[in-house]
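The values are calculated or read from the model by the stated rules, or taken from the named source; none is laboratory data. Note that the structure is predicted; figures quoted are calculated from it, not measured. Quick reminder, even Gly has a Cβ in these numbers, built from the backbone with ideal geometry, and neighbours come from all protein chains shown.
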Amino acid sequence: MTTQPAAGASRLKEQGMSVTLPTQEKIVFSQVDKLFASPSKTGDQVRALVGLDLTVHKSEIVSIVGPTGCGKSTALNMVAGFDAPTNGSLRLDGKAIVKPGPDRAVVFQQAALFPWMNVLENITFGIKSRGVAKEQYMASAEKLIRAVGLNGFEKHFPYQISGGMQQRVQIARALISNPEVLLMDEPFGALDYQTRILMQQLLLELWREFKPTILFITHDVTEAIYISDRVIVMGARPGRVKLEVAVEEPKPRSLDFLTSELFTGLEHQILETVQHEATASHAAH
Ligand SMILES: Nc1ncnc2c1ncn2[C@@H]1O[C@H](COP(=O)(O)OP(=O)(O)OP(=O)(O)O)[C@@H](O)[C@H]1O
Ligand SMILES: [Mg+2]
C-alpha cells in the first residue's frame, strides 16, 4: 500500500496558508474479515473481505473504488450496522458497531422514496417517526430543501420529479437528523453526466455546511478524486486496500481542478491500480 505525499498541503504552506489535516479517528476497520455462507449449499464460503484495515477521520471524505464484487458495499453496510464482521474489529468513535443508529445515514444508488408521500413528507418521515417535534424538524427541513435546491417542489410526489431531484430528496432525508456519518453507496451512479457533476458540487457545499464524515463508494474515479480527501482502491475479491491516495486540494473544488496537473496525476495512478485489479478480478471468474 502506498500513500501519495501531501503535495497540495505543502503548496498551501508555501503560500502561507495553514492546513488542518483531520486527525480524530471516526471509523476504524482493523483486520476485518467478512465471510458469507454460500447460497449454493456447497458448504463453500464467499470471502468478501480479508484483513481490511481502513481508518476514516472525523469530517473526512473518503471514497472507495474497486472492481465489482470486491466488498465495497459489504464494508459500507457493516459501518451502517446492517451486518457484522466475521473477524477483526470495526469501531465508530472507539466503540464497536453493533447496530444501525441515527448517528449514521445511508444513501443508496436508487432513491427508494415512498411513492405516496410528497417531497416534504419523504424528507421528514424518519425524524417525525423518532418523535421529534414538528416545530423543531420543520426549520431543518426548510433549510435543507433550500440547500439541495428543491424549494417549490415540496408538494410534488416522487413520480413528478427527475432522478436527480429524487437523489436530492434522499440526501436531504439523510441529512435532516444531522448525522455525523454519511454512508453513500454509488449515490450518483444512475444519474446522467451533467446531473452527476451538479450533485458532486452540491455534496461538497453540504459538506462545507454540515461537516459530516463521508464514506463514498463509486466506480467513477473522476468523481472519487473530485469529492474526496482520500481515495481508497480495493483489490479483487477477497477485498482489501491496494492503494490509498490523499487528494490535497481544498474543498469545495472548482471545475478547474478536474484539469489540473494534480488531478490528472492522481487519476493516472488510481486508474492503473483499478485496471490491474479489474483484470485480476476477471481472471478469477
Ligand atoms: N448477503 C450475502 N450473502 C452471500 N454473499 C454475499 C452477500 N453480500 C455480498 N456477498 C458477496 O460478497 C462479495 C462482495 O459483495 P459486495 O456487494 O460487497 O461487492 P461490491 O464491491 O459492492 O460490488 P459492486 O461494485 O458490484 O456493487 C460478492 O462476491 C457478493 O456476492
Ligand atoms: Mg456494491
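General observations
- Near pairs, Cβ below 7 angstrom, 6+ apart or cross-chain, from the range 253-272 (closer than 20 Å to ILE197 by Cα) to any residue that is part of a helix (DSSP H, G or I) and basic (Lys, Arg): none
- If the condition is being surrounded by 16 or more Cβ atoms within 10 Å (Cβ to Cβ), of a type in the set (D, E, K, R) and modelled with pLDDT of 95 or more, then the range 250-276 contributes only GLU267.
- Check on LEU92, within 13 Å of ligand 2 (Cβ to nearest atom) and out of contact with any Cys (no Cβ under 6 Å at 6 or more places or on another chain): no
- Residues in the range 76-89 that are out of contact with any Lys or Arg (no Cβ under 8 Å at 6 or more places or on another chain) and within 13 Å of ligand 2 (Cβ to nearest atom): LEU76, ASN77, PHE82.
- Residue ID - modelled with the lowest pLDDT, chosen from residues in the range 76-132 that are of a type in the set (S, T, N, Q) and within 14 Å of ligand 1 (Cβ to nearest atom): GLN110
- Residue in the range 17-25 that is in contact with a Phe, Trp or Tyr (Cβ under 8 Å, 6 or more places away or on another chain) and modelled with pLDDT of 80 or more present: no
- Looking across the range 168-192, the residues that are over 14 Å from the mean Cα position of the chain (by Cα) and part of a helix (DSSP H, G or I) come down to ARG168, VAL169, ALA172, ARG173.
Residue by residue, here is whether (1) closer than 26 Å to ASN118 by Cα; (2) touching a strand residue (DSSP E or B) at 6+ places or on another chain (Cβ under 9 Å) holds:
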site: SER162; (1), (2): yes, no
site: ARG173; (1), (2): yes, yes
site: LEU198; (1), (2): yes, no
site: GLU209; (1), (2): yes, no
site: THR213; (1), (2): no, yes
site: ASP220; (1), (2): no, yes
site: ILE225; (1), (2): no, yes
site: ARG237; (1), (2): no, yes
site: GLY265; (1), (2): no, no
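- Residues being within 17 Å of MET199 (Cα to Cα) and in contact (Cβ under 8 Å) with a residue 12 or more places away in the chain - total across the range 108-152: 10
Results for (1) under 19 Å from THR68 (Cβ atoms); (2) touching a residue at least 12 places away in the same chain (Cβ under 8 Å); (3) surrounded by fewer than 22 Cβ atoms within 10 Å (Cβ to Cβ), shown as yes or no for each residue.
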residue	(1), (2), (3)
ASP185	yes, yes, yes
GLN201	no, yes, yes
ILE214	no, yes, no
ASP220	yes, yes, yes
